[in-house]
Amino acid sequence: ITNNCDRALSHAAFELPEGEVADSPLDGDGNYIGLHNTYDIENTTNNPFYSIKFETIGEGIKNGEFEIFEYVMPEGTTMMDYLRIQTKAAGEAYQLTFNISECTF
């Protein structure tokens with residue numbers, strides 16, 4: 001995710017198939033360490049939708065900085081046709097929906 005505005009990223013949430021939990025990272029695994037920041041993990045949450053959520057610890061990325069978020073789904077998980085991603089910065093939420101072909105991991 002690249003944040004091209006001057007407001008720092010507070011979280012990024014990635015929709016999961018209903019009832020599925022990512023194998024990694026888990027809530028109790030400690031913090032997720034990205035390229036530019038450290039994040040607290042909510043795996044799973046229903047806020048903003050059923051998802052894995054990376055909450056920024058400290059000031060988040062901004063002004064063209066980017067971050068790579070990785071999570072691992074259990075083998076055999078059937079993903080949805082669409083993937084929603086929400087990012088939030090300075091109280092404003094932005095949501096994207098990606099059309100992905102149905103696949104099994």
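Please treat every number below as a calculation from the coordinates, not as lab data. Since we're looking at a predicted model, the values are computed, not measured. Positions of Cβ are generated from backbone atoms using ideal geometry, with glycine treated the same way; all protein chains shown enter the neighbour counts.
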* Identify the GluC sites (Glu not before Pro) of the range 61-97 meeting these criteria: DSSP loop state and at most 15 other C-beta atoms within 10 Å of the C-beta. => 70, 75
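Once you order the gyration tensor axes a ≥ b ≥ c over the Cα atoms, which shape class does the chain get: rounded for a/c under 1.5, otherwise prolate or oblate by comparing a/b with b/c? Write down the numbers at each step before the final one.
Numbers: a/c = 1.96, a/b = 1.45, b/c = 1.35.
Note, shape of the chain comes out prolate.
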* From the phi of every residue in the range 3-8, what ³J(HN,Hα) in whole Hz does the Karplus formula 6.51 cos²θ - 1.76 cosθ + 1.60 yield, where θ is phi - 60° and glycine or proline is x? -> 9, 8, 10, 8, 9, 6
* Table column - 3J(HN,Hα) (Hz), the range 94-100, Karplus curve with 6.51, -1.76, 1.60, x for Gly and Pro -> 10, 10, 10, 10, 9, 8, 10
* Amide H of residue 60: which non-local residues (sequence gap of 5 or more, or other chain) have their own amide H closer than 5 Å, using H built in the peptide plane? -> 9
* Structure fact -> A correct Karplus calculation of ³J(HN,Hα) over the range 21-31, with 6.51 cos²θ - 1.76 cosθ + 1.60, θ = phi - 60°, whole Hz and x for Gly and Pro, returns 10, 5, 5, 7, x, 9, 3, x, 7, x, 7
* **Computed over the chain: relative contact order in percent, which uses C-alpha pairs under 8 Å that are six or more apart** => 35
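Would you mind finding the longest exposed-site-free stretch of the chain, with exposed trypsin sites (Lys or Arg not before Pro) meaning DSSP loop and at most 16 other Cβ atoms within 10 Å? It would help to have the intermediate numbers written out before the result.
Values: sites that count: 7, 62.
With trypsin sites (Lys or Arg not before Pro) excluded where exposed in loops, the chain gives 8-61 as its longest stretch.
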